[in-house]
Amino acid sequence: GQQLNQSPQSMFIQEGEDVSMNCTSSSIFNTWLWYKQDPGEGPVLLIALYKAGELTSNGRLTAQFGITRKDSFLNISASIPSDVGIYFCAGQYSNYQLIWGAGTKLIIKP
Amino acid sequence: EPEVTQTPSHQVTQMGQEVILRCVPISNHLYFYWYRQILGQKVEFLVSFYNNEISEKSEIFDDQFSVERPDGSNFTLKIRSTKLEDSAMYFCASKAPTLYNEQFFGPGTRLTVL
């Protein structure tokens, strides 16, 4: 089946630093979604991307849909403590299932 | 802001027992989904449901699983005879009937099979 490779697996950063994570696939997607999950909770949608090359921002978050439609990245600028959590990319090619990356765990060093 | 709700938040059951996990999707949404997440792992698709029928399902969604929309608001996942490996967080999600593929997730039900 389709697979998404998400990297890095985890990131240790200082508060105020910028963060970058990405997902790649061998398959083409029509939609890329980025979610954040806090412990014990459901994924919360951060950004949705629908067109190749599209660059979308949501506050300090910026995500791009790769030109080849096989990749996407998420940047977080000037990280703050509440950014801690696991970030997942998810790709979709139909109305139906989302294919998920393995997640990037963001940890902010005290 | 409307949200997906799920009950119970935690279900503990004995192996071989039947469980029903319940979800109330966002009211004007027409596409419904179940996903599961084994502790520390990625989210996995189980099934999607549209127009009162299953539209897509994964290999995980075998004959032990079923879904139902018994009325205009609830969407349920039934596991007929639970196994130890069914222990996971189960998430319900829903999507509006638009061109946009944004799926909104509930808080999850943690299923523990003993």
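The values are calculated or read from the model by the stated rules, or taken from the named source; none is laboratory data. All of these numbers come straight from a predicted model, not from anything done at the bench. We place every Cβ from the backbone using ideal geometry, glycine too, and count neighbours over all the protein chains shown.
Couple of notes before you dig in:
- Selected residue (criterion: farthest from residue B:93 (Cα to Cα)) from residues of segment B:1-20 that are buried (at least 17 other Cβ atoms within 10 Å of the Cβ) and either among the charged types (D, E, K, R) or in contact with a Pro (Cβ under 8 Å, 6 or more places away or on another chain) (or both): B:6
- Of all residues in segment B:86-96, one or more are at pLDDT below 95, over 13 Å from residue B:20 (Cα atoms) and at the interface with chain A (Cβ under 10 Å from one of its Cβ atoms).
- Screening residue B:36 with (1) surrounded by 13 or more Cβ atoms within 10 Å (Cβ to Cβ); (2) of a type outside the set (Phe, Trp, Tyr); (3) closer than 16 Å to residue A:37 by Cβ; (4) facing chain A (nearest Cβ under 10 Å) gives one miss only, at (4).
- Filter result for residue B:80 (in contact (Cβ under 8 Å) with a residue 12 or more places away in the chain, away from chain A (no Cβ under 13 Å) and on the phi < 0 side of the Ramachandran plot): yes
- For residue A:51, the conditions (1) surrounded by fewer than 18 Cβ atoms within 10 Å (Cβ to Cβ); (2) in contact (Cβ under 8 Å) with a residue 40 or more places away in the chain are fulfilled apart from (2).
- Residue within segment B:46-58 that is surrounded by fewer than 13 Cβ atoms within 10 Å (Cβ to Cβ) and either in contact with a helix residue (DSSP H, G or I) (Cβ under 8 Å, 6 or more places away or on another chain) or within 10 Å of chain A (Cβ to nearest Cβ) (or both) present: no
- Of the criteria (1) part of a loop (DSSP other than H, G, I, E, B); (2) surrounded by fewer than 16 Cβ atoms within 10 Å (Cβ to Cβ), which one residue A:5 fails: (1)
- Complete set of residues in segment B:29-48 that are closer than 22 Å to residue B:113 by Cα and not in a strand (DSSP E or B): B:38, B:39, B:40, B:41, B:42, B:43
- Those residues of segment A:24-62 which are away from chain B (no Cβ under 13 Å) and of a type in the set (Gly, Ala, Ser), in sequence order: A:25, A:26, A:27, A:52, A:53, A:57, A:59
- Summed over segment B:79-105, residues that are part of a loop (DSSP other than H, G, I, E, B) and within 18 Å of residue B:50 (Cβ to Cβ) total 8.
- Residue within segment A:18-41 that is assigned to a loop (DSSP other than H, G, I, E, B), of a type in the set (Asp, Glu) and at pLDDT 95 or above present: yes
- Among the residues making up segment A:54-86, those that are assigned to a loop (DSSP other than H, G, I, E, B) and in contact (Cβ under 8 Å) with a residue 60 or more places away in the chain are A:78, A:79, A:80.
- Taken over segment A:75-94, residues that are within 8 Å of chain B (Cβ to nearest Cβ) and crowded, with 18+ Cβ neighbours inside 10 Å amount to 3.
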